[in-house]
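Okay, structure first, notes after.
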Amino acid sequence: MTAGHIAVIDIGKTNAKLALVDLESLAEVAVLTRPNRVLPGPPWPHFDVEGHWAFLLEGLAQFQAAHGVDAISVTTHGASAALIGEGGELAAPILDYEHAGPDGLAAEYDAIRPAFAETGAPRLGIGLNLGAQLFWQFSEDPGLKARVRHVVTYPQYWGYRLTRVAASDVTSLGCHTDLWNPLTGAPSSLVERLGIAGLLAPTRQPGEVLGTVLPEIAAQTGLEADTPVYCGIHDSNASLLAHLLAREAPFSVVSTGTWVIAMAIGGAPVALDPARDTLVNVNAFGDPVPSARFMGGREHDLLMAGAQVEPSADECAAVLREAVMLLPSVVPGSGPFQGHEAQWLGGEPPAGSGARSAAVGFYLALVTDACLRLIGHRGPIHVEGPFARNACYLDMLAAASGAEVHAMTSATGTSEGAALLHPGVDRGLIAGRQASSVHHGTAEMARYAEVWRARVR
């Protein structure tokens with residue numbers, strides 16, 4: 001019998017979410033969220049996993065009572081892993097990847113990390129290379145490694161809590177960790193150098209079943225004892241999966257949230273430049289995917305200070321006419337313009353104004369276009385996540401790229417993508433999934449984009 005509902009644990013960098021996806025329509029029939037709060041040390045800033053766990057168990061019980069839960073899938077942000085001890089507990093809190101601690105051992109780590117040609121992972125700051133996190137943690141706590149039984153990537157941590165089966169998945173290991181070789185589909189040489197070859201949990205495909213929920217979890221939530229739990233997937237690759245199942249190459253997907261991730265499928269051959277935050281991701285089928293990224297959602301929030309303003313047509317036109325533009329980068333440590341200092345041209349629009357909202361949308365679109373050019377984008381562009389509701393962003397992206405831009409209907413592609421790991425899903429549903437709007441841009445926007453690119457150069 002085809003399952004009716006799959007509960008998706010969806011842990012983003014900003015928010016944790018539990019969604020119930022109807023497998024006949026792929027619609028989210030229920031959604032619960034909580035902030036992804038970072039707790040202070042000791043021993044280091046870390047994610048509030050116990051708060052998440054209580055939230056998830058309560059949500060699963062609600063979903064089971066109201067609708068029934070037939071399976072559980074997981075998707076999370078990358079650059080995180082759990083160090084699990086002998087008794088099944090965490091051997092240490094899960095480090096927040098934005099903590100600057102690993103930068104203190106950058107030179108020592110650089111001496112052992114593999115080259116970009118082996119891993120497809122650029123050298124990133126703070127804890128964005130998972131290998132750098134582990135190296136720093138083992139240095140900070142010399143007894144830590146001896147307490148570790150399993151190293152599991154972050155989606156599989158939640159699977160482990162549900163099933164007690166330890167695993168890692170190819171999409172999370174392939175997300176700029178330095179721990180994976182995407183060309184061979186195997187761990188990189190760093191795994192041996194870190195001394196974790198016997199600790200890294202077995203690599204599984206995202207759609208594999210880890211096991212069924214533990215008896216105590218079934219008793220606490222009301223879930224059936226045979227409820228399966230899927231291995232899980234990195235969130236940007238969850239967004240990509242629906243497109244891989246539905247579309248013919250070439251095309252690109254832009255997954256938006258705290259991070260904006262551009263992924264090219266069937267693009268032109270290019271030499272990726274690690275200094276510009278390009279990288280090789282690994283998709284749900286284990287295949288390498290040229291990608292580029294920047295912290296677009298974080299930049300939007302910093303620039304708008306929480307304001308949600310829909311600019312008028314006149315305000316958009318005035319920003320274009322007066323060439324009010326923002327040059328990168330607002331978050332300078334990531335993206336294609338690292339080290340550049342943000343600068344307003346033509347005057348900085350007032351905070352909370354429609355003009356500022358329009359200029360910010362244009363800026364984010366132009367940085368996205370730069371990312372797409374670096375990875376050899378060809379074909380239509382499909383935008384997932386919050387920016388799919390930003391008309392200024394979509395119109396400028398179409399104008400700057402010269403491509404047809406599709407704004408996808410779902411609020412986020414991650415939960416839907418994680419639901420697609422269930423074999424009972426009618427994959428034809430995805431082929432019929434319609435974009436809410438198709439954007440082409442205007443000649444005036446194209447001229448604005450040319451001026452912006454010239455100033456950036």
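Checking the stated criteria, residue 104 turns out not to satisfy the condition of being more than 23 Å from the chain's Cα centre (by Cα), surrounded by fewer than 21 Cβ atoms within 10 Å (Cβ to Cβ) and in a loop (DSSP other than H, G, I, E, B).
Taking into account only those residues within segment 156-175 that are under 19 Å from the mean Cα position of the chain (by Cα), modelled with pLDDT of 95 or more and not hydroxyl-bearing (Ser, Thr, Tyr), which is nearest to residue 194 (Cα to Cα)? Filtering first and then ranking leaves 173. Residues that are in contact with a helix residue (DSSP H, G or I) (Cβ under 8 Å, 6 or more places away or on another chain), assigned to a helix (DSSP H, G or I), under 18 Å from residue 155 (Cα atoms) and not assigned by TED's automatic domain parsing to the domain that holds residue 276 are absent from segment 78-96 altogether. Scan segment 183-197 and give yes if some residue there is assigned to a loop (DSSP other than H, G, I, E, B), touching a residue at least 12 places away in the same chain (Cβ under 8 Å) and within 26 Å of residue 65 (Cβ to Cβ), otherwise no. No; the residues of segment 183-197 include none that is assigned to a loop (DSSP other than H, G, I, E, B), touching a residue at least 12 places away in the same chain (Cβ under 8 Å) and within 26 Å of residue 65 (Cβ to Cβ). Among the criteria (1) surrounded by 20 or more Cβ atoms within 10 Å (Cβ to Cβ); (2) more than 21 Å from residue 129 (Cα to Cα); (3) in contact with a His (Cβ under 9 Å, 6 or more places away or on another chain), the one residue 79 does not fulfil is (2).
Considering segment 1-54, the residues that are at pLDDT below 95 and of a type in the set (Asp, Glu) include one that is farthest from residue 416 (Cα to Cα), namely 24. Note on segment 263-353: enclosed strands (runs of 3 or more DSSP E) holding 3 or more residues that are under 25 Å from residue 76 (Cβ atoms) are 278-282, 288-294.
Here's the yes/no breakdown for (1) within 23 Å of residue 241 (Cβ to Cβ); (2) in contact with a Pro (Cβ under 8 Å, 6 or more places away or on another chain):
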| residue | (1), (2) |
| --- | --- |
| 183 | yes, yes |
| 186 | yes, no |
| 193 | no, no |
| 204 | yes, no |
| 214 | no, no |
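In segment 53-64 there is at least one residue that is more than 20 Å from the chain's Cα centre (by Cα) and of a type in the set (Asp, Glu). Only one entry of 79, 91, 65, 61 meets the criterion of being touching a Gly at 6+ places or on another chain (Cβ under 7 Å), on the phi > 0 side of the Ramachandran plot and aliphatic (A, V, I, L, M), and that entry is 79.
Only one residue in 242, 292, 268 is modelled with pLDDT of 95 or more and within 23 Å of residue 172 (Cβ to Cβ). Which one?
292
Checking each residue in segment 233-262 for being of a type in the set (A, V, I, L, M) and either crowded, with 24+ Cβ neighbours inside 10 Å or in contact with a Leu (Cβ under 8 Å, 6 or more places away or on another chain) (or both) picks out 233, 238, 240, 241, 242, 245, 253, 254, 260, 261, 262.
Check segment 328-350 and report whether any residue there is surrounded by fewer than 23 Cβ atoms within 10 Å (Cβ to Cβ), of a type in the set (Gly, Ala, Ser) and in contact with a helix residue (DSSP H, G or I) (Cβ under 7 Å, 6 or more places away or on another chain). No: zero hits.
Only residues that are part of a helix (DSSP H, G or I) and either touching a residue at least 12 places away in the same chain (Cβ under 8 Å) or in contact with a Ser or Thr (Cβ under 9 Å, 6 or more places away or on another chain) (or both) were counted across segment 132-177, and they come to 26.
The values are calculated or read from the model by the stated rules, or taken from the named source; none is laboratory data. Keep in mind that what you see is a predicted model, and the values were worked out from it rather than measured. In this analysis, Cβ positions are derived from the backbone assuming ideal geometry, glycine residues included, and neighbour counts consider all displayed protein chains.
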